[in-house]
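Structure record follows, encoded as structure tokens.
The values are calculated or read from the model by the stated rules, or taken from the named source; none is laboratory data. In this text the structure is predicted, and so the values were computed from the model without any measurement. Note: ideal-geometry Cβ built from the backbone for every residue, glycine included; neighbour counts use all protein chains shown. Please note that ligands, DNA and RNA were not included when accessible areas were found on the heavy atoms of the full protein model with its side chains. Shrake-Rupley method; radii C 1.70, N 1.55, O 1.52, S 1.80 Å.
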Amino acid sequence: MTTLARRFTTWRYVMNHANMPDGVEMDWLSKWLIVTRAAVFSMTATSGLIGGLLAVGTVGVSVNYWYLALSVIGLVIAHASNNMINDYFDLEGGVDTDDYVRALYAPHPILSGWVTKRQLGAAILLVNAIDLAIMLFLTAVRGPLVIAFALAGLFISVFYVAPPIRLKHIGLGEPGVFLVWGPLMVVGTFFVATGAIPGWTWIASLPYAILVTTVLFGKHIDKIEADTKKGVRTLPVILGERRARLVAQVLMIAFYPIVIAAVLVGWIGPWVALVLFGIPRLLATLRTFSSPRPVTPPHSYVGWPLWFVGAAFVHTRRAGGLLVLGLLLNALLPIRLPWV
């Protein structure tokens, strides 16, 4: 195997597991993929693509594909910033320590010694400077509403963990993620691509926002014990594990009837009914959430002590991918139901 082929194999592993494979020397790109937690960027790219494909499939609007692409790139960069900001302020606030969950399932950028606090701060400033440039350009071509979307997302991103608000600490982290990965990202991308915001796009943004919220629910369920000791009152901490697992299950199930209802009333083309092929994965994920986390990890399990978040993420990736495929087919092969 050539050096480049080995590197690609390593990068693929990092993107799937957010960790380095055992016995493999870390390269620069692998390090920053892990530092920025790039393994979960697919959720942000999916939100952007949903907004863009909703625009492409809408009759009567003109789509600027360059602006659309730039918007999705900006969203992914913002996600990288968000992840690094979380690590920076959770360390500053005394939440992230060597024995806390964050440093156990994957290397913490600073605690692992990979970067210094100053280097992580510089990286945060750099990616935000890039996003600022993107925002200013899109504002120039689409108007000040771009700034409103961007600043709303930045506010939630920063104050998710930063004082004095710390949304995650007061049970508002999950609603914040719902707003960002749904209305802000999906509707914001639709607006950048078209310059318009039909009222139905707000509702169309909700199904995938629900799925992303289940991923955060899963992660916070995994961290209930540790967060309780730290005084971090996420929604799962407030609800308790059993009720939090039930709420996560209800949210996962809700994705499907909302999508199908949007088809039946004519807001979205019928190809998105392909999401129903995600139900087998949904059932497997519901089974995982039906019982407490096992005491010990299965053989060769990667990411322990996280458990529920992995199942929720795989389901979200499957269902979100099917939704994107359905929206793409709506744009390429549009069909309408006879009563719409």
**Request:** Report yes if some residue within region 208-216 is over 18 Å from residue 321 (Cβ atoms), buried (at least 17 other Cβ atoms within 10 Å of the Cβ) and in contact with a Leu (Cβ under 6 Å, 6 or more places away or on another chain); otherwise report no.
**Result:** no
**Message:** Restricting to region 107-124, and then to whatever is open to solvent by 10 Å² or more (accessible area, probe 1.4 Å) and hydrophobic (A, V, I, L, M, F, W, C), can you tell me which residue is farthest from residue 29 (Cα to Cα)?
**Reply:** 111
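Of everything in region 232-260 that's part of a helix (DSSP H, G or I) and among the β-branched types (Val, Ile, Thr), which residue is least open to solvent (accessible area, probe 1.4 Å)? Before the answer, list the steps.
Initially, region 232-260 is screened for residues part of a helix (DSSP H, G or I), giving 235-239, 241-260.
If we keep only those that are among the β-branched types (Val, Ile, Thr) as well, we get 237-238, 247, 250, 253, 258-260.
Working: 237: 28, 238: 75, 247: 53, 250: 85, 253: 81, 258: 58, 259: 3, 260: 46 Å².
Here the answer is 259.
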**Item:** From 233, 245, residue being touching a strand residue (DSSP E or B) at 6+ places or on another chain (Cβ under 9 Å) and under 30 Å from residue 99 (Cβ atoms)
**Value:** 233
**Message:** Please pick out the residue among 55, 80 that is surrounded by 19 or more Cβ atoms within 10 Å (Cβ to Cβ), touching a residue at least 24 places away in the same chain (Cβ under 8 Å) and under 26 Å from residue 125 (Cβ atoms).
**Reply:** 80
**Top-ranked residue in region 88-106 [being over 24 Å from the mean Cα position of the chain (by Cα) and of a type in the set (Asp, Glu); ranked as surrounded by the most Cβ atoms within 10 Å (Cβ to Cβ)]** = 98
**Asked** Counting only residues that are outside any helix (DSSP H, G or I) and not hydrophobic (A, V, I, L, M, F, W, C), which one in region 175-207 is surrounded by the most Cβ atoms within 10 Å (Cβ to Cβ)?
**Response** 205
**Request:** Considering every residue within region 60-70, establish whether at least one is surrounded by fewer than 18 Cβ atoms within 10 Å (Cβ to Cβ), part of a helix (DSSP H, G or I), without any contact (Cβ under 8 Å) to a residue 24 or more places away in the chain and small (Gly, Ala, Ser).
**Result:** yes
**Prompt:** Can you tell me which residue in region 178-203 is nearest to the chain's Cα centre (by Cα), limited to those that are under 26 Å from residue 167 (Cα atoms) and aromatic (Phe, Trp, Tyr)?
**Reply:** 181
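I need the full set of residues from region 157-168 which are touching a residue at least 12 places away in the same chain (Cβ under 8 Å), open to solvent by 30 Å² or more (accessible area, probe 1.4 Å) and in a helix (DSSP H, G or I), in order please. Reasoning before the result, please.
Taking region 157-168 as the starting set, the residues that turn out to be touching a residue at least 12 places away in the same chain (Cβ under 8 Å) are 157-158, 160-163, 166, 168.
Imposing the further condition that a residue be open to solvent by 30 Å² or more (accessible area, probe 1.4 Å) reduces the set to 158, 163, 166.
158 - this is the single residue of region 157-168 that is touching a residue at least 12 places away in the same chain (Cβ under 8 Å), open to solvent by 30 Å² or more (accessible area, probe 1.4 Å) and in a helix (DSSP H, G or I).
When you look at residue 172, is it open to solvent by less than 50 Å² (accessible area, probe 1.4 Å), closer than 30 Å to residue 207 by Cβ, out of contact with any strand residue (DSSP E or B) (no Cβ under 9 Å at 6 or more places or on another chain) and modelled with pLDDT of 95 or more, yes or no?
On the way: open to solvent by less than 50 Å² (accessible area, probe 1.4 Å): no; closer than 30 Å to residue 207 by Cβ: yes; out of contact with any strand residue (DSSP E or B) (no Cβ under 9 Å at 6 or more places or on another chain): yes; modelled with pLDDT of 95 or more: yes.
Answer is no for this residue.
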**The one condition in (1) free of Cβ contacts under 8 Å to residues at least 40 places away in the same chain; (2) among the hydrophobic types (A, V, I, L, M, F, W, C); (3) surrounded by 14 or more Cβ atoms within 10 Å (Cβ to Cβ) that residue 43 fails to fulfil** = (1)
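Each row is one residue, and each column tells you yes or no for (1) at pLDDT 95 or above; (2) touching an Asp or Glu at 6+ places or on another chain (Cβ under 7 Å).
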{"residue": "204", "(1), (2)": "no, no"}
{"residue": "209", "(1), (2)": "yes, no"}
{"residue": "217", "(1), (2)": "yes, yes"}
{"residue": "235", "(1), (2)": "yes, yes"}
{"residue": "242", "(1), (2)": "yes, no"}
{"residue": "250", "(1), (2)": "yes, no"}
{"residue": "254", "(1), (2)": "yes, no"}
{"residue": "263", "(1), (2)": "no, no"}
{"residue": "268", "(1), (2)": "no, no"}
**Request:** Check region 283-299 and report whether any residue there is at positive phi and surrounded by fewer than 17 Cβ atoms within 10 Å (Cβ to Cβ).
**Result:** no
**Complete:** Among (1) in contact (Cβ under 8 Å) with a residue 40 or more places away in the chain; (2) part of a loop (DSSP other than H, G, I, E, B), residue 24 falls short only on (1)
**Request:** State yes or no: is residue 154 aliphatic (A, V, I, L, M), open to solvent by 30 Å² or more (accessible area, probe 1.4 Å), modelled with pLDDT under 95 and farther than 22 Å from residue 94 by Cα?
**Result:** yes
**Complete:** Checked against (1) open to solvent by less than 50 Å² (accessible area, probe 1.4 Å); (2) out of contact with any Ser or Thr (no Cβ under 7 Å at 6 or more places or on another chain); (3) closer than 29 Å to residue 72 by Cα, residue 312 satisfies every condition except (2)
